[in-house]
Amino acid sequence: MESYIRRIINIEEKLRNRSLFLFGPRQTGKSSIINHQINDDVKLSWSLLNARIRRRCQEDPGVLRDEIETRGIKDGLVIIDEIQKVPELLDEIHLLIEKSDIRFLLTGSSARRLRERGVNLLGGRAGKMTLHPFAWPEIREFEPSLDRILKYGMLPSVFLSDEPDSVLDDYINVYLQDEIANEGIIRQLPKFEKFLEIAAISNAEEINYSNIASDVMMSRSAITEWYGILYDTLIGYAVPPYTKTTKRKAVETERFYYFDTGIARFLAGFGDIVDTQTEYGKLFETYIAQELIAYLDYNKRKEKLSYWKTRQSSFEVDFVIGNDIAIETKTAKLINEKKDLRGLRALKEEGIFRKFIVVSRDSIMRTTDDGILLMPWRDFLDLLWEGKILA
């Protein structure tokens with residue numbers, strides 16, 4: 001397998017006329033994409049993972065301006081990696097952008113410390129992009145099996161590895177040591193580890209803060225904050241409920257998804273998974289969520305991704321996009337039109353949505369008599385990334 005796979009996003013194009021924040025979870029390939037896409041003349045590149053550089057910047061953020069002035073840099077590109085480790089540098093960067101033609105590429109795996117400190121995010125002088133794990137168009141030619149995707153996920157470092165379990169183990173350990181230490185809750189590390197496990201076991205479900213707080217033996221407010229850490233470090237996503245239906249009242253609790261199926265499986269302690277397990281279905285749902293989130297983000301779509309579930313009768317639909325498209329995921333190889341379409345048909349009665357889709361392991365694409373599209377998962381992903389699902 002290739003050591004580098006061409007990514008969908010083009011950061012060089014985004015950097016032509018302005019600076020850019022490039023966020024993304026650890027090991028989604030930020031450094032690789034910079035190395036392969038940046039052909040510009042890079043005048044200065046600092047990584048704040050370098051302890052010596054980081055300490056210098058923490059002691060005096062003005063050292064960046066001094067370095068640039070000493071080198072006589074007045075234009076071109078300057079790269080600062082892991083900017084969240086010294087957010088005070090943004091004030092200096094702001095000044096440099098105002099008085100020079102320098103463009104900055106600022107990478108990071110968390111926006112939490114930037115926001116918490118109320119630092120200047122360059123007042124709109126920089127664009128923002130998020131790099132996700134591999135998306136379907138990037139790895140389609142390798143024809144990965146669904147089982148492999150669900151077990152190991154789509155992180156580049158894992159997908160390209162001959163020892164994916166070992167890489168996942170290292171990833172979790174590095175994440176715990178680095179990110180949690182950075183968030184200042186290292187004293188609660190054992191409980192946070194338990195929280196990560198429970199969040200993985202309840203992945204793709206509505207969040208029950210009180211039950212999780214009881215299991216972890218922490219306060220409800222602490223659990224709420226810890227979910228916030230997962231969102232801010234891009235390790236997980238909250239998918240809100242769709243509540244605009246009138247014939248049937250919907251629940252109002254958000255669902256949580258880890259950003260990658262391999263991470264979710266590993267944290268939950270699942271070993272080999274088989275298609276008869278409930279966990280298999282939840283990981284399949286998580287994978288489709290991962291692709292939908294990446295598609296909406298990369299294409300700058302304004303539609304909100306949410307889910308629908310009724311308070312009574314327990315009708316539910318895994319994903320709705322805006323007020324237009326409803327999507328249900330099933331791991332069945334042959335869809336049972338009576339049992340598997342109940343949620344979509346209940347939502348169809350509301351008269352809101354235009355398109356209804358079931359994504360499954362069925363091998364044949366077809367349409368039911370009442371207009372519900374039954375799509376094999378590969379066909380769905382092909383059409384999604386070709387822009388035809390949201391057309």
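Whenever a residue of the stretch 66-77 is farther than 14 Å from VAL42 by Cβ and assigned by TED's automatic domain parsing to the domain that holds LEU15, its partners that are surrounded by fewer than 16 Cβ atoms within 10 Å (Cβ to Cβ) and of a type outside the set (S, T, N, Q), lying with C-beta atoms within less than 8 angstrom and at least six residues away or across chains, give the pairs LYS74/ASP101.
To keep it simple, each residue is scored yes or no on (1) aromatic (Phe, Trp, Tyr); (2) modelled with pLDDT of 85 or more; (3) over 19 Å from the mean Cα position of the chain (by Cα).
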residue: TYR171; (1), (2), (3): yes, yes, no
residue: LEU176; (1), (2), (3): no, no, no
residue: ILE185; (1), (2), (3): no, no, yes
residue: ILE201; (1), (2), (3): no, yes, no
residue: ALA204; (1), (2), (3): no, yes, no
residue: ASN208; (1), (2), (3): no, yes, yes
residue: ILE212; (1), (2), (3): no, yes, yes
residue: MET217; (1), (2), (3): no, yes, yes
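Take the residues of the stretch 119-175 that are in contact with a Phe, Trp or Tyr (Cβ under 9 Å, 6 or more places away or on another chain) and of a type in the set (Gly, Ala, Ser): which is surrounded by the most Cβ atoms within 10 Å (Cβ to Cβ)? My answer is GLY153.
Conditions (1) more than 30 Å from ILE8 (Cα to Cα); (2) in contact with a helix residue (DSSP H, G or I) (Cβ under 7 Å, 6 or more places away or on another chain), marked per residue:
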| residue | (1), (2) |
| --- | --- |
| LYS302 | no, no |
| SER306 | no, no |
| GLN312 | yes, no |
| ASP318 | no, yes |
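Restricting ALA326, ALA346 to residues that are over 20 Å from the mean Cα position of the chain (by Cα) and free of Cβ contacts under 8 Å to residues at least 40 places away in the same chain narrows the list to ALA326. Applying the criterion of being among the acidic types (Asp, Glu) and at pLDDT below 95 to the residues of the stretch 270-317, the residue that is surrounded by the most Cβ atoms within 10 Å (Cβ to Cβ) is GLU279.
When GLY262 is tested against the conditions (1) within 17 Å of the chain's Cα centre (by Cα); (2) surrounded by fewer than 15 Cβ atoms within 10 Å (Cβ to Cβ); (3) farther than 22 Å from ALA391 by Cα; (4) not acidic (Asp, Glu), the lone failure is (2). Select from the stretch 11-32 the residues that are part of a loop (DSSP other than H, G, I, E, B) and within 27 Å of VAL167 (Cβ to Cβ) and list them in ascending order. Result: GLY24, PRO25, ARG26, GLN27, THR28, GLY29. Among the residues of the stretch 273-312, what is the count of those that are out of contact with any Ser or Thr (no Cβ under 7 Å at 6 or more places or on another chain), in contact (Cβ under 8 Å) with a residue 12 or more places away in the chain, hydrophobic (A, V, I, L, M, F, W, C) and not in a strand (DSSP E or B)? Of the residues in the stretch 273-312, 6 are out of contact with any Ser or Thr (no Cβ under 7 Å at 6 or more places or on another chain), in contact (Cβ under 8 Å) with a residue 12 or more places away in the chain, hydrophobic (A, V, I, L, M, F, W, C) and not in a strand (DSSP E or B). Look at the stretch 203-231: where a residue is in contact (Cβ under 8 Å) with a residue 40 or more places away in the chain and not assigned by TED's automatic domain parsing to the domain that holds ARG26 and a partner is among the acidic types (Asp, Glu) and surrounded by fewer than 19 Cβ atoms within 10 Å (Cβ to Cβ), sitting 6+ places away or on another chain with Cβ atoms under 8 Å, you get GLU206/GLU254; ILE207/GLU254.
Here GLU337, GLU254 are screened, and the one residue that is surrounded by fewer than 17 Cβ atoms within 10 Å (Cβ to Cβ) and over 20 Å from the mean Cα position of the chain (by Cα) is GLU337. Output the residues belonging to the stretch 33-68 that are surrounded by 18 or more Cβ atoms within 10 Å (Cβ to Cβ) and either part of a loop (DSSP other than H, G, I, E, B) or within 27 Å of the chain's Cα centre (by Cα) (or both). Across the stretch 33-68, the qualifying residues are ILE33, ILE34, TRP46, LEU48.
Filter the helices (runs of 4 or more DSSP H) completely within the stretch 162-262 down to those with at least 1 residues that are touching an Asp or Glu at 6+ places or on another chain (Cβ under 8 Å). Helices (runs of 4 or more DSSP H) meeting the threshold: 189-201, 220-232.
To keep it simple, each residue is scored yes or no on (1) under 20 Å from ARG112 (Cα atoms); (2) modelled with pLDDT of 90 or more.
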| site | (1), (2) |
| --- | --- |
| ARG16 | no, no |
| LEU20 | yes, yes |
| PHE23 | yes, yes |
| ILE33 | no, yes |
| HIS36 | no, yes |
| ARG52 | no, yes |
| ARG65 | no, yes |
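The values are calculated or read from the model by the stated rules, or taken from the named source; none is laboratory data. Owing to the predicted nature of the structure, the values given are computational and were not obtained by experimental measurement. Note that each Cβ is placed from the backbone with ideal geometry, even for glycine, and that neighbours are counted across all protein chains shown.
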